[in-house]
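The values are calculated or read from the model by the stated rules, or taken from the named source; none is laboratory data. Computed from a predicted model, the values in this text were never measured in an experiment. Note: ideal-geometry Cβ built from the backbone for every residue, glycine included; neighbour counts use all protein chains shown. The area values use the complete protein model at the heavy-atom level, side chains included, leaving out ligands, DNA and RNA. Shrake-Rupley method; radii C 1.70, N 1.55, O 1.52, S 1.80 Å.
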Amino acid sequence: MLKVTKFGGSSMADAGQYRKVRDIVLADPDRRVVIVSAAGKRFSADHKLTDLLYLCHAHVQYGVDSTPVFEMITSRYLEIRDELGLDLDLESEFAQLKEKLDAKSVSQDELVSRGEYFSAKLMAAFLGFKFVDSADWVKFAMDGTVDKEASYPALQELVGEGEYAVIPGFYGVMPNGAVRTFSRGGSDISGALAAAALNADVYENWTDVSGILMADPRIVENPQPIPEITYDELRELSYAGAQVLHELTIFPVREKNIPVNIRNTNDPDHPGTIIQEDYKNESDPDRVVTGITGKKDFSIITMFKRGMTSQVGVLRKVLSILERHGISVDFVPNGIDNVSLVIPTATLAPHLYNVMAEIQREVKPDNLTVLDEIAVVAAVGHRMAFRPGVSGKIFAALGEKGINIRMINQGPDELNIIFGVDNKDFAEAIRVLYNSFVK
Ligand code: ASP
């Protein structure tokens, strides 16, 4: 059995958090491979190490003395080392890095990757595990994607059967050996790649929440955590804002059918959320809705054209106008002789007048309107497909609270019901749904 465990920035923020991580890792001998982020915030006004590293690079770029920021960074690591009583020479590596920095011979990616690098050095020393540098196994192709055929065998070579290792997240190397990072939050991807490379039984992703919550805690008071969710449901939930994992995390583990377990470093006894292909021993088979999410600030363009349902090519014309402007459309609900296009306002606004004029000219609709300040709310759940009356219940509950529904959309996979309400009704709509499906 192999558990690949990844610890996020808040789990690496200070010596106290390192101790929690060590207790978690050592509590289970299957937790042999540990991936770490750079140190995160210790309190809300604190800085993430990665942010400080970007800032440090900007100082150098604009010719401002980077020494004070650089010292903020190094002192965080030295504090952790000294508090944990580790015998590790970081000073000479810091000095070398500062020299390269002053000579402007370190790229932004290489500099910010050092956050994860030093975290992993410290954690490896603390756990007594081997340090495995991600520059030695995460290999990017020229197009910026990870070359799995090269990366997986490289990691298998470095971490043998039964070996214990700590690996920095967030970076790898380009074919020419230059360090390259993933986008922000990318240590999740490193952990998923390591789990896939080593054919782990589970990928544990340790963070500071007890799993994925059924709704945003800023809107719903104490939302329940989701015990189990499928990869597909998670994709639907993350579309509309529920951000727990970097969106590219799922691909490598899904290919190998490795479940992901989201856990809380500050509450290690909580089982968290399991993300997998399908439900196995579903704890609550009566639960219809897995999660409720949404986002604000959409615009809806609605077009009515008599006889359009039986005409060929009308929709194509409208969509190609949007394509010309580089606008992707999120939803296309339609009726008889009318169609709506639901688009984030920020994307549409700069092109709105041209788009409307072109639709008018090329499609000649009988009526064309645009509505702003729309929020999209999504109820996601694999069981919705098999339960008649779910939408009825949703709409009755909203109606009772006087919330007007501006758009309805159900995907053909019936994994979700998505509807639009006015921005001002957004939070209330989420609460109403939560209260009618979760008790
Ligand atoms: N440290 C990086 C960031 O803050 C990567 C990560 O933590 O996942 O984005």
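Note: the range 140-190, Cα convex hull, 84 Å³ per residue. Of the residues Ser44, Ser66, Tyr54, the one whose Cα sits farthest towards the positive end of the charge dipole of the range 1-68 is Ser44 (charges of +1 on Lys and Arg Cβ, -1 on Asp and Glu Cβ, taken about the Cα centre). Based on the reciprocal of the average 1/r between different C-alpha atoms, the Kirkwood radius for the range 256-408 equals 18.9 Å. Rounded to the nearest 20 debye, the dipole magnitude of the range 58-210 is 400 debye, with +1 charges on Lys and Arg beta carbons, -1 on Asp and Glu beta carbons, and the Cα centre as origin. Value of Rg to Rh for the chain, rounded to two decimals, is 1.03; Kirkwood radius and Rg both from alpha-carbon coordinates.
Where the accessible area of the range 286-439 is counted over protein heavy atoms with a 1.4 Å probe, how much of it, in %, is carbon and sulfur? Taking all protein chains in place, the range 286-439 shows 51 percent carbon and sulfur surface.
Modelled label positions at Asp413 and Lys41, each set 7 Å beyond Cα in the direction of Cβ, lie 3.3 nm from each other.
When the pairs Lys305/Lys393; Lys20/Lys280; Lys100/Lys121 are compared against a 25 Å limit on Cα-Cα distance, Lys305/Lys393; Lys20/Lys280 fall above it.
The label-point distance for Gln224 and Asp147, in a model that sets each label 7 Å from Cα toward Cβ, rounds to 4.8 nm.
Taking every protein chain into account, the accessible area of the range 297-431 amounts to 50 square angstrom per residue (probe 1.4 Å). For the cross-link pairs Lys130/Lys256; Lys139/Lys295; Lys6/Lys48, the ones whose C-alpha atoms lie over 27 Å apart are Lys139/Lys295. Toward the positive end of the charge dipole of the range 139-273, about the Cα centre and with charges on Cβ (Lys, Arg +1; Asp, Glu -1), which of Asn261, Gly191, Phe140 goes farthest? Farthest towards the positive end: Phe140. The distance between label points at Asn367 and Ser328 comes to 3.2 nm (points 7 Å beyond Cα on the Cα→Cβ vector). In this structure the amide hydrogen of Phe140, modeled in the peptide plane, comes within under 5 Å of the amide hydrogens of Asp147, Val173, Met174, none closer than 5 places in sequence on its chain. Note on the chain: with charges restricted to the Cβ of Lys and Arg (+1) and Asp and Glu (-1), its dipole about the Cα centre is near 1160 debye. Relative contact order of the range 41-200, taken over Cα pairs closer than 8 Å and 6 or more residues apart, is 20 percent.
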